[in-house]
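**Student:** After the structure tokens below, expect a handful of questions from me.
The values are calculated or read from the model by the stated rules, or taken from the named source; none is laboratory data. Not measured: the values here are computed from a predicted model. Please note: Cβ atoms are built from the backbone with ideal geometry, for glycine as well, and neighbour counts cover all protein chains shown.
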Amino acid sequence: MVDLTAQNFAFSRGRIEVPAGALVTVRLRNADGVPHNFAAYTNAQAIEGIASSPAAQPGGTVEVTFTAPSQPGEYFFRCNFHPDFMTGTLVVR
Ligand SMILES: [Cu+2]
């Protein structure tokens, strides 16, 4: 389980590390007054998705479970509501 908080339009962690091929659950708690979510992609172009949580409403928590890429490397995550500045790196080891 990876715990993240969205607060002040930022994720509590800019970097998440997961094992290659692992089943990963990300739990996102929203401490802001607007919706956020967690979405992972193969890269910052955000075309090929790896995971996408439902929207976390203000004060709410959502989870998404996904299989991490089998290839180690650096991937990308963001909030789809604020894709320009709520971003981070998904590290697969
Ligand atoms: Cu957001």
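**Student:** Collect the residues in region 65-87 that are more than 12 Å from the ligand (Cβ to nearest atom), closer than 20 Å to MET1 by Cβ and part of a strand (DSSP E or B), keeping them in residue-number order. Before you say what the answer is, go through the steps one by one.
**Tutor:** Residues of region 65-87 that are more than 12 Å from the ligand (Cβ to nearest atom), as a first pass: 65-76.
After this cut, where a residue has to be closer than 20 Å to MET1 by Cβ as well, the list is 65-69, 75.
Once the filter is applied, which keeps residues that are more than 12 Å from the ligand (Cβ to nearest atom), closer than 20 Å to MET1 by Cβ and part of a strand (DSSP E or B), region 65-87 yields THR65, PHE66, THR67, TYR75.
**Student:** Does region 65-85 contain any residue that is surrounded by fewer than 13 Cβ atoms within 10 Å (Cβ to Cβ), at pLDDT 95 or above and of a type in the set (Phe, Trp, Tyr)?
**Tutor:** Checked against the condition, which is being surrounded by fewer than 13 Cβ atoms within 10 Å (Cβ to Cβ), at pLDDT 95 or above and of a type in the set (Phe, Trp, Tyr), region 65-85 yields at least one hit.
**Student:** For region 6-28, how many residues meet the condition of being over 15 Å from GLU74 (Cβ atoms) and surrounded by 18 or more Cβ atoms within 10 Å (Cβ to Cβ)? If you could, list the steps in order and put the result at the bottom.
**Tutor:** Of the residues in region 6-28, the ones over 15 Å from GLU74 (Cβ atoms) are 6-12, 21-28.
Those left that are additionally surrounded by 18 or more Cβ atoms within 10 Å (Cβ to Cβ): 6, 11, 24, 26, 28.
The total comes to 5.
**Student:** To continue, here is another question. Could you please let me know if VAL62 is surrounded by 17 or more Cβ atoms within 10 Å (Cβ to Cβ), out of contact with any helix residue (DSSP H, G or I) (no Cβ under 9 Å at 6 or more places or on another chain) and hydrophobic (A, V, I, L, M, F, W, C)?
**Tutor:** Values: surrounded by 17 or more Cβ atoms within 10 Å (Cβ to Cβ): yes; out of contact with any helix residue (DSSP H, G or I) (no Cβ under 9 Å at 6 or more places or on another chain): yes; hydrophobic (A, V, I, L, M, F, W, C): yes.
The answer is yes for VAL62.
**Student:** Related question: Within region 1-56, considering only strands (runs of 3 or more DSSP E) that don't extend past its boundaries, which have at least 1 residues that are without any contact (Cβ under 8 Å) to a residue 40 or more places away in the chain? So that I can check it myself, show each step before the final result.
**Tutor:** Details: elements: 2-7, 15-18, 23-30, 39-41, 49-52.
The qualifying strands (runs of 3 or more DSSP E) are 2-7, 23-30, 39-41, 49-52.
**Student:** Being without any contact (Cβ under 8 Å) to a residue 40 or more places away in the chain and hydroxyl-bearing (Ser, Thr, Tyr) is the filter; apply it to region 57-93 and report the residue that is nearest to ALA10 (Cα to Cα).
**Tutor:** THR61
Here is a yes/no grid of residues against (1) among the hydrophobic types (A, V, I, L, M, F, W, C); (2) more than 13 Å from the ligand (Cβ to nearest atom):
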site	(1), (2)
LEU23	yes, yes
LEU28	yes, no
GLU48	no, yes
SER53	no, no
VAL62	yes, no
ARG93	no, yes
